[in-house]
Amino acid sequence: MSNSSKIKITLPDGSVREYPKGASGLDIALSISEGLARNVLAAKVNGEVWDATRKIQEDAAVQLLTWNDLDGKSTFWHSSAHLMAEALEALYPGVKFGIGPAIENGFYYDVDFGEQEFHSDKLDEIEAKMQELARRKSEYIRSKVSKADAVKYFTDKGDEYKLDLIDGLEDGSITFYQQGDFTDLCRGPHIPNTGFIKAIKLMNVAGAYWRGDENNKQLTRIYGISFPKQKELKEYLEFLEEAKKRDHRKLGKELELFAFSEKVGMGLPLWLPKGALLRDRLEQFLKRAQRKAGYEPVVSPHIGNKELYVTSGHYEKYGKDSFQPIHTPNENEEFLLKPMNCPHHCEIYKVRPRSYKELPLRYAEFGTVYRYEQSGELHGLTRVRGFTQDDAHIFCRPDQVKDEFKKVIDLVLYIFKALSFEDYTAQISLRDPDDKSKYIGGDEAWDQAERDIQEAAAEKGLKTVTELGEAAFYGPKLDFMVRDAIGRSWQLGTIQVDYQLPERFKLEYVGADNQKHRPVMIHRAPFGSMERFVAVLIEHCGGNFPLWLSPEQIAVLPISEKYADYAEEVYAELENNDIRGFIDHRDEKIGRKIRDAEVKKIPFMLIVGEKEREEGRVSIRKHGHGDIGSLKIEEFKDLFKKEVEEQLAGKQEVSVS
């Protein structure tokens, strides 16, 4: 570059502006508008997040980050962690600090209080101190420090945790950040000053071993969250309350869907009758769609010879997360609980020679797999040790990959439509171009697979984001990131292109040229796993399942025992039409029966008494809507059928309140 005193800054819209050398992101924001400058938290310079006040010395592509950007939020929350550390140091002199990163929602700092007592009832006091310090509008000041000076500073403070961190850093790469009276070892970046932090809530306290090693000292981890406006904190706390109401663990217990037993084992769910019925309806729904799409059912065992997973590469990648091998009486014979279904499906493909005319072959299985997740990572149905994947593997020719991929996208979108998952983004997960050691296979196959996925997603008009380094070890993939009714994002549904397993298993087909060729595999699981999908579905609809999916679709409520026979007659007629539920024969007043059915989230309550029996009708009450009138049995069946058809076609929105 020339010795010009000017630098060229390229903004996200492609425009190029000139600024004096040494201009900062904040200077660039000020040149655009004062309003923007008031909201800039950081700047992304050539893809790296910097302090908004850091000087830019060369031509660069610059994106100004605000609260609306994920990197902006992350910078804000990391700065808030430093503010909390400053407050703790003021309230507990001599306290020592581990790490204090931003997390998905907020931040935490690991703290060693030494001999000082700390209790969670002190969080309000720490919050108040943080608010006081924030009002001082102290600047976050970055400075480069030599390794020797960094070691001296934290030796004088007696902070062995920071010294441990410094030990792994190279001289010349170390920076400190200071705000007010607090100085910390930190790469940054940070917001311009503490005054941006207007609302703070410290959420909870937990224990955390230093470096995650239980042989090290356990530190106190304090979690918090902060916002640039008090209104946003209020909305977040309301969101948390709503999330608590929708927690699938709570609703799963109340609705009697699933349970866990210590005797059975952690992370191994037990599906109760209503939950099993819910699962079965989901399975049947997908099986019907798969049959129409040309899938063939297969079944594979829950275990496999260790060599099967060595061949596939799963043993190398998942061995440490698997259950211990099963040893048989035969010496040197080992089996594993299967961590994946795909190796078994490869062996099904190999049972006989294949012709190009047979392809694509689409094998589908609701196959249960097992992974030994750490106990601290288990969480209801979303993280378990045994789970059932709605797995399928498509074996096709290379020229069929893109069309097959698009057909799977259609299937996923059909499922989302039927379940009112309307807000989703497709994440294209590619290799990390800077570290290919994590993946198996050559560049040519990877490049072709990545191209096919990108083109298929574009041709289907999907809203996409691309993430480098998120591919599976054997191939790139498309993951559907779904936003639920209260705005949380979940990964549901995945489609993966794989050139590697066919190579490892020596899969072949005879082509039109009468030569042997390798097929390509497409792995797909629209639900992902039944367990996790049900958990997300429960929280998305708050337990108000779509009518076609509800374990109990109706409750027949006789006003008194005198009408029990008519209630039985009504229920038998509906059951013959695959409308399922129960009759509430309890000796309770009708008001109590209605309230209890509402709590159980039964979609339709059918009330029967003297008038209904005489006229051959039922009085209908709909969950969440109240009375909707009196109907003949045939009229109710028509109403029921129409609602189911509209929900499955995505024409009627499923209640999520």
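No value in this document is a laboratory result; all are computed from the given coordinates. The shown structure was predicted, so the numbers you read here are calculated from the model rather than taken from an experiment. Note that we place each Cβ from the backbone using ideal geometry, even for glycine, and neighbour counts take in every protein chain shown.
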| request: Enumerate the calculated ³J(HN,Hα) couplings along segment 305-310 in order (Karplus 6.51 cos²θ - 1.76 cosθ + 1.60, θ = phi - 60°), each rounded to whole Hz, writing x wherever the residue is Gly or Pro. | output: 4, 3, 4, 4, 7, 5
| Projected onto the charge dipole of the chain (+1 at Lys/Arg Cβ, -1 at Asp/Glu Cβ, origin at the Cα centre), which of Ile522, Leu413, Pro228 gives the Cα projection farthest towards the positive end? | Leu413
| query | Are there trypsin sites (Lys or Arg not before Pro) in segment 131-233 that DSSP puts in a loop and that have at most 15 other Cβ atoms within 10 Å, and which ones? | reply | Arg135, Arg136, Lys137, Arg187, Lys217, Lys229
| Using θ = phi - 60° and Karplus 6.51 cos²θ - 1.76 cosθ + 1.60, couplings along segment 249-261 (whole Hz; Gly, Pro as x) | 5, 5, 5, x, 6, 5, 8, 6, 9, 8, 8, 10, 9
| task | For Trp490, list long-range residues whose amide hydrogen, built 1.01 Å from N in the peptide plane, is under 5 Å from its own amide hydrogen. | result | Val482, Arg483, Asp484
| request: Using only Cα atoms, locate the centre of segment 190-248 and the centre of segment 475-490, then give the distance between them in Å, rounded to an integer. | output: 23
| query | How many angstrom separate the Cα center of segment 554-606 from the Cα center of segment 87-116? | reply | 57
| said: Quick check on the chain: helices-only [θ] at 222 nm, where DSSP H runs of length 4 and up contribute -39,500 (n - 2.57) each and the sum goes over total residues. Nearest 500, please. | reply: -10500 deg cm²/dmol
| task | Mind sorting Ser173, Ser24, Ser550 by how few other Cβ atoms lie within 10 Å of their own Cβ, fewest first? | result | Ser173, Ser24, Ser550
| query | Per-residue HN-Hα couplings for segment 217-229, Karplus 6.51 cos²θ - 1.76 cosθ + 1.60 at θ = phi - 60°, whole Hz, x for Gly and Pro? | reply | 5, 8, 9, 9, 9, 9, 9, x, 9, 8, 8, x, 9
| task | Please sort 362-373, 584-595 by packing, taking for each peptide the average over its residues of neighbouring beta carbons within 10 angstrom, highest first. | result | 362-373, 584-595
| Rounded to the nearest 5, what is the percent of antiparallel bridges among the DSSP beta bridges in the chain? | 85
| field | Residues Val264 and Ala572, FRET efficiency given R0 of 35 Å [Cβ-Cβ distance, rounded to 0.05] | value | 0.45
| task | Any of Lys601/Lys642; Lys122/Lys234; Lys73/Lys234; Lys217/Lys436 with alpha carbons more than 26 Å apart? Name them for me. | result | Lys217/Lys436
| said: Tell me which GluC sites (Glu not before Pro) from segment 1-106 have a DSSP coil assignment and no more than 13 other beta carbons within 10 Å of their own. | reply: Glu58, Glu104
| field | For segment 71-243, size of Cβ-based charge dipole, Lys and Arg +1, Asp and Glu -1, in debye | value | 660
| Rounded to the nearest 20 debye, dipole of the chain from Cβ charges on Lys, Arg, Asp, Glu | 780
| Whole-Å distance, taken between Cα centres, linking segment 405-443 and segment 286-303 | 20
| Which entry in [x] 31.6, 115; [y] 29.9, 98; [z] 31.5, 98 matches Rg and Dmax of the Cα atoms in Å derived from the coordinates of this structure? | [y]
| Lys/Arg Cβ at +1, Asp/Glu Cβ at -1, dipole of the chain taken about the Cα centre: which of Gly616, Pro502, Gly168 is farthest positive-ward? | Gly616
| remark: In degrees rounded to 10, the 0-90 angle between helix 70-91 Cα long axis and the longest Cα principal axis of the chain is 60
| Where GluC sites (Glu not before Pro) fall in DSSP loop in segment 501-556, at most 16 other Cβ within 10 Å | Glu508
